[in-house]
1. Equivalent ellipsoid semi-axes for segment A:229-354, as square roots of 5 times the alpha carbon gyration tensor eigenvalues: give them largest first, rounded to whole Å.
2. Probe radius 1.4 Å, ligands and nucleic acids left out: can you give me the accessible area buried at the A-B interface, summed over both chains, in Å² to the nearest hundred?
3. Could you order A:Lys90, A:Lys351, B:Lys106, B:Lys90 by accessible surface area, starting with the largest, using a probe radius of 1.4 Å?
4. Given labels modelled 7 Å from the Cα in the Cβ direction, how far is it in nm from B:His31 to A:Asp238?
5. Students often get this wrong: which residues of segment A:228-270 have the backbone nitrogen under 20 Å from the point 7 angstrom along Cα-to-C-beta of A:His279?
6. If I stretch the segment between A:Ser262 and A:Thr38 completely, what's the gain in nm (0.36 nm per residue apart, minus their alpha carbon distance), one decimal?
7. Per residue, what volume in Å³ does the convex hull of the Cα atoms of segment A:134-277 enclose?
8. What accessible area per residue comes out for segment B:77-154, rounded to a whole number of Å², with a 1.4 Å probe?
Amino acid sequence: MSDFSFTEHALSSWMKADGDESDIVISSRVRIARNLRTFPFPLVANEEQAEQVRNRVVEAARQASEELGLLYPIRLDELNEIERQVLVEKHLVSPTLANESQEAAVVLSEDESLSIMVNEEDHIRIQCLYSGFQVKRAWERATLVDDALEAHIDYAFDDRRGYLTSCPTNVGTGLRASVMIHLPALVMTHQIGRVLNAISQVGLTVRGIYGEGSEAQGNLFQISNQITLGQSENEIVDNLEGIAAQIIEYERQARSKLVAESKIRLYDRVMRSYGILTHAAIIDGKEAAQRLSDLRLGVDLGWIDKLTTTLLNELTILTQPNFLQKTFGATMNTAEKDMYRAQLIRDRLLKNKE
Amino acid sequence: MLCQECQQRPATLHFTKIINGEKNEFHICEHCAREKGEMIPGTSGGFSIHNLLSGFLDFDIAGKSQSGNAAQPQQLRCDECGMTYAQFRKIGRFGCSSCYKHFDDKIDPLLKRVHGGTVHVGKVPKRGGADLQVQREIDTLKQELQERIEKQEFETAAQLRDRIRELELQRSQR
């Protein structure tokens, strides 16, 4: 297995803020679930079966790398606890893969836009992650990877039910498409509840930034499709893109309205957060996320031209608890994390200011 | 609305509990729901999608017994991985791809509730999926044929009919 270190740098290609609408849409993600025909799902597989699945998928990915470019397989059991969590914080693997899976592995592309999880809830989860609003592009890449793997693997597929998955919520296309979206103005103007409610009425669902069960942090919301059976992949992607485009429009309107009606108060809020982030000595994760959200809005509105959206994306990941420990090379308690977090933000913001 | 327990987070779970005719309304957040697991049915050990799914399945069984069908779904078992239907109901996930076959007539109501549909219309694997691709093309053509006949466009209809025959022949020779 490879010694390529994906846990050293915070910056993945999806954080580069070079995609469409990247002032509001942080990233677009597509994941597809697949299983091998002849093996039980990871939930009931024994260790030997799980090991065989891992070897087969890693081998298939190796064979497919002629089409897919250089890929790096990583066994999760060869990483330490902090490194595993760093992969989660960078959105390269799911919490389930890092914490609950036996014989787990992930195959990453060099720019980290592709990750193939092995032995998560399903044998294979292909994930493509791009910056900005590029759901379609993510799907196009994922389906190519799918084809390349399928050339070497027999998938569990049924004419009526489609691609068979461990959980019935994924059966059919196995496709979950999502956008990570920054909606500070809808939150400030108290419209967010209505918007989120409407989203759930049209077969989409909203989650926090680390997936199922996680809380929304720093006004970041993850919107994804709920339905995987009875709609084609293109319908699912088009539907998500259509709804997301509307939400982006609502957010833009809310921003214009805020600027028109209470510019000085909004400016004050952004600059206060800028001041706190550049001078605080202790800051917890929640406050950091909120202040970084203010700062991001300030950058979007053109009030802070020294900073870039890319830097803010990077800081969002760098200030996660495990990444902090990785960066400073120490195990920390909560109080220490809050100190180091403040130091890291201060250093990065001031370095860019000069 | 704020959670009635912590008064901090927004209430996301709303339900009414009736015990011995006494009615109580609850508005709480997910965090407090988890802490007070025993007070809400099905929330012990976290509130996951899988718990909700088994709720759908229970609903199905209630419906079946009312219609007088005395089938015993609890005793169904997947030959391949050994998972029983009762286990599936509890954890909300299948053990292997054969479970779909073994529990087939039980999962339609569940799929309908989760997805709205029960039949896959999306991508088909390149290998092994060839037959299905042909079948889908035939289905589409037959539908179009019907429309043409209704519109009395017989020339196009004849062309479609020939194409369908050709495909069906191809399939039978495979």
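The values are calculated or read from the model by the stated rules, or taken from the named source; none is laboratory data. Note that the structure is a prediction, hence the values are computed from the model and not measured. Cβ sites come from the backbone with ideal geometry, for glycine too, and all protein chains shown count toward neighbours. All accessible areas refer to the heavy atoms of the entire protein, side chains included, with ligands and DNA or RNA removed. Shrake-Rupley method; radii C 1.70, N 1.55, O 1.52, S 1.80 Å.
1. On the way: eigenvalues 189, 106, 28 Å².
The answer is 31, 23, 12 Å, longest axis first.
2. Using a 1.4 Å probe, the pair buries roughly 3200 Å².
3. Largest accessible area first, the residues go B:Lys90, A:Lys351, B:Lys106, A:Lys90.
4. So the label points at B:His31 and A:Asp238 sit 4.2 nm apart.
5. Of the residues in segment A:228-270, A:265-270 have backbone N under 20 Å from the label point off A:His279.
6. Full extension from A:Ser262 to A:Thr38 adds 74.4 nm.
7. 135 Å³
8. Numbers: 4250 Å² over 78 residues.
Here the residues of segment B:77-154 average 54 Å² of exposed surface.
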